[in-house]
Each structure stands twice: as structure tokens, then as C-alpha cells.
Amino acid sequence: MQHTLRRTAVASPVLALLAGGGCAVLWPCGEGARQSIGAPSHGALVNAVRVPERSANTRLFRSESEGGQIHTTRTLRDAVLESAQRVARVAPGGAPLVVGDFSAPFGGRIERHRSHRNGRDVDLLFFAVDRETGRSVPATGFVRYDRDGNPRDREATVRMDVERNWLLVESLVREERYGVLWVFCADWLKQRLVSWAREHGRDPRWIERAERVLHQPGDAAPHDDHFHVRVACTTEERSSGCLDGGPHGWWLSRALPKLDAAPQDDLDFSWESPERTLAPSPPAATRPRRRR
Ligand SMILES: [Zn+2]
């Protein structure tokens, strides 16, 4: 979450010590090693991976030298980089996804956030288009949007790119190995994304999942200027006391034992098949009906 200003701090000395001596009996290094410890608002991170300043389809909003937090778990790093890649494949020609803070090298309290303390939270700026031309442009900052996807700041030159933001959410919820628990987002923007997905014939299974994880938090700002994504602990981490900080969707209860699986080499682009590719809205009579 992007809201509470706090002084920079590190994890508690005990957790930092554990982290510093990370490749040991308690926290073995290598594939399958535990990374996330404790809860999103009280935890720490060990064996963290760094997220690159740029990838083919992502840019960090703040680099490490600018005070950005770029450390996370393999699962969340992969979820973000792969999902940005999928959006670019399904809707080519767009600007990169602009990625906000992950966590500090060893987790713990950081500026600007109340959670983000154990590597399983990240802020993603909304995809945007130029207000005049409709062309995809990189997000320039945390722009707040109203229910029509227009900026609350009348000086802003962008509006929300509903298509690409939906595709991002769709990727996050359909890949079970990411274990996405929450995508915090204002209710009015959730409505807009879900409506777009229905009108464009997206698979009802992913719409149902998105309706479950897109959520306006009751105890924080409404998240009308970015998504905040939280993923689950791996099974191994959970057995060591990692606390998810959110409920599991029905699909994750079944998938959780698989969340420790090694990363896939090949991404699943099967959803680029013709019926899934972005297409003009079908006539009203042929629109698929909601499943329940
Ligand atoms: Zn956040």
C-alpha cells in the first residue's frame, strides 16, 4: 500500500541475522528455499531476488538508487514480469508496465508502505493511454481515476487503459502458480474492468476469479491510483510460519501444493488463441452470460 509515510527501517535484528546467515540450516538457499517470513505487515524476507530496472515489458517507477524497493520472492517477480509479457503479446504495441515498490533486501518496514515487509506485495501503476490520441503511454505516476477511467486531476494527460489493465489482472488470476491472494483496487475501477471483460467475451472463469481478488481495502486508501498485488506463501514457507495475509480463492486451495514448483521455462500463451484475442465487442445478443 502506498499511503503511510514511515521512516526507513530494517527488519528486526533477529530476522536480519537469520537473513544474513540465510544459507544455513534454518533457511537453506536454492530452489525451493523459504523466502517469505511472517506476515505482510510484520515479516521479513530472506534469499530475496532482485527485480531488474527494465525488462522487455516492464520499467521500475523508482530505481534502487532513487529509493525504490526492488527485492521480492521468485514467485512475485515471475508473476509481474511474465504477466507484463503476456499483456504485450495479447495487446501488442503498448507501453511497458510501470512497477512500484516491492520490499527491502531483508524485508521489514519501509517508507511509504504499511505492508510490503516480507516480499509478497507489490504496487503496479495502472496502464494508461494518452487522453487525446488514445495511444498507450507509460504511466507517469500515481494518477487517480474516476469511475469513467478519467483522471481526477484535470491537468493529467492520461486516462485509464482498461483493456491492458484487465489483461494484467487476467494473467495474475489465471496462473495458479502465482498464488495471487489480492489485487487491491477501488470498487469503481473493479466494476469498470469486470464490465469490460464481460463485454469483450473474456472467459467467465477468469472473470469470477478477478471478482474475488480485486478488492477495495477497508482500512487503507481505496487504491484508485494503482493495483497492489499480494501473493500467497509457498507451502514450505507456510509450514514455517509464513502468514498469507488474505483468503485463498477456491482455485488456490486446490493449487497450493503446486506453488512450490520450479518456474516454468515456457510461458503459457494459449490464451492468444483466436477466441481469446482482443476483438471488438460482440453484438449484445451473442455476449456470453455470466456463469452464476
Ligand atoms: Zn502497496
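The table for this structure:
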{"item": "Qualifying residue in segment 161-182 (condition: in contact with a Phe, Trp or Tyr (Cβ under 8 Å, 6 or more places away or on another chain) and part of a strand (DSSP E or B))", "result": "no"}
{"item": "Boolean, ARG209 is under 17 Å from the mean Cα position of the chain (by Cα), within 15 Å of ARG230 (Cβ to Cβ) and assigned to a loop (DSSP other than H, G, I, E, B)", "result": "no"}
{"item": "Which listed residue is at pLDDT 80 or above, of a type in the set (Val, Ile, Thr) and touching a Ser or Thr at 6+ places or on another chain (Cβ under 6 Å), from VAL213, VAL231", "result": "VAL231"}
{"item": "Selected residue (criterion: farthest from ALA232 (Cα to Cα)) from residues of segment 59-79 that are polar (S, T, N, Q) and buried (at least 23 other Cβ atoms within 10 Å of the Cβ)", "result": "GLN69"}
{"item": "Condition broken by TRP206, with the remaining ones in (1) within 20 Å of ALA79 (Cβ to Cβ); (2) in contact (Cβ under 8 Å) with a residue 60 or more places away in the chain; (3) not polar (S, T, N, Q) satisfied", "result": "(2)"}
{"item": "Residue check, ARG192 farther than 18 Å from LEU125 by Cα, part of a helix (DSSP H, G or I) and touching a residue at least 40 places away in the same chain (Cβ under 8 Å)", "result": "no"}
{"item": "Per-region count, segment 80-138, residues on the phi > 0 side of the Ramachandran plot and either within 16 Å of the ligand (Cβ to nearest atom) or buried (at least 19 other Cβ atoms within 10 Å of the Cβ) (or both)", "result": "5"}
{"item": "GLY149, sole failed condition from (1) buried (at least 17 other Cβ atoms within 10 Å of the Cβ); (2) within 16 Å of the ligand (Cβ to nearest atom); (3) in a loop (DSSP other than H, G, I, E, B); (4) of a type outside the set (A, V, I, L, M, F, W, C)", "result": "(2)"}
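The values are calculated or read from the model by the stated rules, or taken from the named source; none is laboratory data. In this text the structure is predicted, and so the values were computed from the model without any measurement. Neighbour counts are summed over all protein chains in view; Cβ atoms, including those assigned to glycine, are modelled from backbone coordinates with ideal geometry.
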